[in-house]
Amino acid sequence: MQYVWQQRLWPVGEMRTVDGKRVEVIDPGLLNTDAGPDFFNAKVAIAGETWVGNVEIHYRASDWARHHHDDDRAYDSVILHVVDKDDAVVRRPDGQVVPQMRMPCDPGLNSRYSELVGRADIDLPCAREIAALPPVYTTDWISSLAYERIYEKADRVEAIRSRLSGDWEQTCYVTVARGLGFGINSEPFERLALSLPLMFIGKHSDNLTSIEALLFGQSGLLDARPGDEYAARLKKEYDFFAVKFGLRRPESLGWKMARMRPANFPHRRIAVLAAMLHGGFRMMSRIVDVQDIDTACALFTPDLSPYWQGRCSFGAPGGRMSCSLSRSSALVMVINVVVPLMMAYGISHGDSSLTDRAVELLHEIKAEKNSIVELFERAGLKVNDAFSSQGVIQLRRNYCEKRKCLFCRIGHRKLSYCARRRE
């Protein structure tokens with residue numbers, strides 16, 4: 001009902017109060033998301049007399065008393081009470097009757113809303129609306145969503161930095177680790193990095209085996225029966241470091257490996273992280289200096305130790321692999337690590353050239369290939385680059401899956417069909 005009032009989605013025809021006075025809505029007011037009446041500073045004409053004040057909306061008129069508005073002075077300025085069920089007369093504390101009106105509503109609105117939020121059997125209930133929308137309309141919406149997603153990721157980076165006392169290099173280390181989880185293992189990777197401060201790794205940055213011992217030991221992946229002599233060696237070295245640094249391993253990291261390609265196993269991703277830490281971790285300054293995609297991708301393709309060049313986990317070799325991360329995986333890291341860090345750093349330092357460059361990188365990368373992008377492309381939406389694919393992912397994750405169709409421009413387009421028709 002708030003949505004109908006805010007968007008003026010009532011059908012054509014005169015509106016009247018329950019006692020027959022003509023109502024004209026000049027301005028529905030501003031939606032209040034805090035305590036108090038639902039809409040502030042509304043302007044309505046009742047029987048030709050203009051009133052300026054607040055509007056309260058209830059399903060039943062009796063909810064006014066049930067919610068104790070009758071003795072709350074914040075509701076003295078209500079000029080119109082809009083309801084669906086007129087089952088009570090509403091009065092102010094001085095006994096004056098508050099003008100009341102039944103909400104006029106397009107009878108097809110509920111069915112259209114149910115089509116959007118109540119059809120669990122359809123992946124994209126608004127597919128027909130997407131196909132019918134002018135490209136400029138969808139492009140503008142997807143662009144807004146892409147920026148929304150970029151800023152959300154930058155906010156996550158800033159939250160990590162606040163937790164780490166403003167240390168950008170440590171923040172970068174945790175963000176890189178999280179990125180190497182590629183979604184499915186992101187949380188375990190982040191917890192691993194937070195449990196193993198960069199300062200401890202820095203004391204042994206010249207020794208790749210020591211770095212691997214620290215990372216694999218903290219990960220809990222050495223707890224099982226050693227797969228070979230190298231794993232046993234790492235376990236022994238880690239036990240020494242655990243005492244030296246007073247390390248406490250995170251409990252139940254919950255690594256996921258089921259139905260996963262061997263190249264994506266956490267063992268190999270941890271080996272990549274170790275190789276990036278080898279020789280000293282100065283990644284943040286390199287990210288800030290990134291000017292093109294090739295330079296950005298090179299950040300995530302370090303040379304692995306001979307042991308990991310032929311393995312995805314401990315044990316027997318599984319065939320030689322040409323690089324630490326494939327080109328496509330490196331591009332995912334650019335999207336999820338370089339861009340958020342660059343954006344957060346630019347915002348923190350008031351450097352618009354850096355935030356602009358972060359967005360430009362997304363425009364230079366081809367659109368991601370995943371089930372979400374494919375779903376919207378089948379509906380007729382053009383997704384040409386990573387900037388657009390990030391917008392589409394934001395749409396799916398934060399609007400479609402949460403059934404927030406009222407806040408989506410495409411959902412609004414479907415719901416406001418009647419209003420468009422009378423225009």
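The values are calculated or read from the model by the stated rules, or taken from the named source; none is laboratory data. It should be emphasised that the depicted structure is a prediction, and the values quoted were computed from it without experimental measurement. Here the Cβ is made from the backbone with ideal geometry for all residues, glycine too, and neighbour counts use every protein chain on show. Side chains are part of the model used for accessible areas, which takes the heavy atoms of the whole protein and leaves out ligands, DNA and RNA. Shrake-Rupley method; radii C 1.70, N 1.55, O 1.52, S 1.80 Å.
So the values come out like this:
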item: Some residue of region 141-151 being under 24 Å from R396 (Cβ atoms), in a helix (DSSP H, G or I), acidic (D, E) and in contact with a helix residue (DSSP H, G or I) (Cβ under 8 Å, 6 or more places away or on another chain); result: yes
item: Matching option when the condition is open to solvent by less than 20 Å² (accessible area, probe 1.4 Å), of a type in the set (D, E) and either more than 12 Å from M103 (Cα to Cα) or touching a strand residue (DSSP E or B) at 6+ places or on another chain (Cβ under 9 Å) (or both), among E14, E56, E49, E24; result: E56
item: Selection status of V82, more than 39 Å from the chain's Cα centre (by Cα) and either without any contact (Cβ under 8 Å) to a residue 12 or more places away in the chain or surrounded by 15 or more Cβ atoms within 10 Å (Cβ to Cβ) (or both); result: no
item: Positions within region 192-241 being among the polar types (S, T, N, Q) and open to solvent by less than 60 Å² (accessible area, probe 1.4 Å), in sequence order; result: S195, S205, T209, S210, Q218, S219
item: Residue check, S389 at pLDDT 90 or above, within 19 Å of the chain's Cα centre (by Cα), farther than 30 Å from D167 by Cα and surrounded by fewer than 15 Cβ atoms within 10 Å (Cβ to Cβ); result: no
item: Among residues of region 317-330, those that are touching a helix residue (DSSP H, G or I) at 6+ places or on another chain (Cβ under 8 Å), open to solvent by less than 40 Å² (accessible area, probe 1.4 Å) and modelled with pLDDT of 85 or more, counted; result: 2
item: Every residue from region 326-376 that is part of a helix (DSSP H, G or I), among the polar types (S, T, N, Q) and within 18 Å of the chain's Cα centre (by Cα); result: N336, S371
item: Residue count, region 126-158 (criterion: among the β-branched types (V, I, T) and open to solvent by 60 Å² or more (accessible area, probe 1.4 Å)); result: 2
item: Options D87, D94, D123: the member that is modelled with pLDDT of 85 or more, surrounded by fewer than 16 Cβ atoms within 10 Å (Cβ to Cβ) and of a type in the set (D, E); result: D87
item: Filter result for Y137 (at pLDDT below 95 and in a helix (DSSP H, G or I)); result: yes
item: Subset of region 365-380 (residues that are acidic (D, E) and open to solvent by 50 Å² or more (accessible area, probe 1.4 Å)); result: E374, E377
item: Residue check, F189 open to solvent by less than 20 Å² (accessible area, probe 1.4 Å) and either modelled with pLDDT of 95 or more or in a helix (DSSP H, G or I) (or both); result: yes
item: In region 194-237, the residues that are part of a helix (DSSP H, G or I) and farther than 20 Å from Y173 by Cα; result: E229, Y230, A231, A232, R233, L234, K235, K236, E237
item: Residues within region 284-297 that are without any contact (Cβ under 8 Å) to a residue 12 or more places away in the chain and assigned to a helix (DSSP H, G or I), tallied; result: 3
item: Candidate set: region 159-186, residues that are out of contact with any Lys or Arg (no Cβ under 9 Å at 6 or more places or on another chain) and of a type in the set (S, T, N, Q); chosen: the one most open to solvent (accessible area, probe 1.4 Å); result: S165
item: Residues of region 169-228 satisfying the condition of being within 14 Å of F245 (Cβ to Cβ) and basic (K, R); result: K203
item: Number of positions in region 63-76 that are of a type outside the set (F, W, Y) and crowded, with 16+ Cβ neighbours inside 10 Å; result: 2
item: Unmet criterion (only one of (1) modelled with pLDDT of 95 or more; (2) closer than 23 Å to P134 by Cα; (3) part of a loop (DSSP other than H, G, I, E, B)) for G380; result: (1)
item: Candidates R396, R403, filtered to the one that is touching a residue at least 24 places away in the same chain (Cβ under 8 Å), within 24 Å of R156 (Cα to Cα) and open to solvent by 50 Å² or more (accessible area, probe 1.4 Å); result: R403
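So that you can scan it fast, the table gives a plain yes or no per residue for (1) under 22 Å from M342 (Cα atoms); (2) open to solvent by less than 20 Å² (accessible area, probe 1.4 Å); (3) in a loop (DSSP other than H, G, I, E, B):
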residue	(1), (2), (3)
V243	no, no, no
R249	no, no, yes
A263	no, no, no
L273	yes, yes, no
G279	no, no, yes
F300	yes, yes, yes
P306	no, no, yes
C312	no, yes, yes
G315	no, yes, yes
